[in-house]
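First up is the structure itself, then whatever we jot down about it.
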Amino acid sequence: MKPKVLITRRVPQIGIDMVAAHCDIELWDSDLPIPRATLLEKVADKDAIYCLLTERIDDELLDAAPNLKVVSQMAVGFDNIDVAACTRRGIPVGNTPGVLTETTADFTWALLMSAARRIVEGVEYVRAGQWVTWGPLLLMGPDLYGATLGIVGMGRIGQAVARRAMGFGMRILYTDAQPIPGVAEEFGAHYVELDQLLAESDFVTLHTNLTPQTYHMIDAAALQAMKPTAILINAARGGVVDHDALVEALRTGQIAYAALDVTEPEPLPADHPLVHLPNCIVVPHIASASIATRTKMATMAAENLLAGVRGEPLPNRVNP
Ligand code: GLV
């Protein structure tokens, strides 16, 4: 009998086809997340789940899925998964690291430049018919060249962002749990404590996992420590930033601007202040959304899943 697999959303077709070639699939054939109750019902007879960061994989779900042999997530981040709970039950968890590094770094750069050079405000200005002349004072912003970039979390994506910053002639600071060997030599990036990074950076960009340690790492005190001209970029996870504190900091000019690919919660309600502040850009968690990268993520998730149902080691496994 073929293994039974639940795929929790429409994903790039190649991922579905790869799994369907070897398994009986049930696809939640929608662009919207599967409702929790339906998810719990549908995993009851499944050997594997191909899931997204919108599904909470916890003890409740694992209890509802007694046959589960593998959890394969089409994302690099896995803060939605209780990995320890999976490990306790001997269930391997797969993710999709590496393939989205450059794409996410590109998008981080797009956010950084959009905020610095006020692209969104410019578009809105033209659309509103306000463009009447070339303005010597119109929509000015800071230069990147010569500015200081502070990278919080110098993993794969943080390093790819650092590589881009070198081309823009920026001074690079970073912080992480400890200094990362080689990055000083490769990117000219200086390791500092978070306090110093916040105080000295013109741009602060977040690339850390969301963990209990990083939850609300950027809180009121952290925002207070930043320059009033600073721009904050978040393409990591919304929970790293205290959004109430961020609203306050943007309103009162504690910092100049924020550009967010990720929010807490997701989606951010359309009437949330961050959506409407003129000095904030919010986009719907699309940093990895290049066609090629989403295709690779879908195939990697399929490879992890197929290895899991065969009892083979996952090519990319999160738990030990
Ligand atoms: C996207 O946010 C991912 O973790 O892949």
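Charges only on Cβ, +1 for Lys and Arg, -1 for Asp and Glu: so what's the dipole of region 101-282 about the Cα centre, in debye to the nearest 20?
Here region 101-282 has a charge dipole of around 460 debye.
What is the local net charge at Val240, summed over the other residues whose Cβ is closer than 11 Å to its Cβ (Lys, Arg +1; Asp, Glu -1)?
-3
Relative contact order, percent, of the chain when contacts are C-alpha pairs under 8 Å separated by at least 6 residues? Averaging sequence separation for qualifying contacts and normalising by length gives 20 percent for the chain. Among the GluC sites (Glu not before Pro) in region 179-265, those located in a DSSP loop and surrounded by at most 13 other Cβ atoms within 10 Å of their own Cβ are Glu193. Using a cutoff of 8 angstrom between alpha carbon atoms and counting only pairs six or more residues apart, the relative contact order for region 101-282 works out to 19 percent. Restricting the calculation to alpha carbons of the chain gives Rg and Dmax of 21.2, 72 angstrom. Within a straight-line Cα-Cα reach of under 14 Å, Lys42 can be paired with the following aspartates and glutamates, leaving aside sequence neighbours fewer than 8 residues apart in one chain: Asp24, Glu26, Asp29, Glu55, Glu60, Asp63. Seen from Val262, the other residues with C-beta closer than 13 Å to its C-beta sum to a net charge of -3, counting Lys and Arg as +1 and Asp and Glu as -1. Among Leu198, Leu274, Leu32, sorting on how many other beta-carbon atoms sit within 10 Å of each Cβ, with the fewest leading, yields Leu32, Leu274, Leu198. Listed by number, the DSSP H helices of the chain that run 24 Å or longer by alpha-carbon position along their axis and have mean Kyte hydropathy of at least -1.0 are 291-309.
Bear in mind these aren't lab numbers, they're just calculated from the coordinates by the rules spelled out. Owing to the predicted nature of the structure, the values given are computational and were not obtained by experimental measurement. Positions of Cβ are generated from backbone atoms using ideal geometry, with glycine treated the same way; all protein chains shown enter the neighbour counts.
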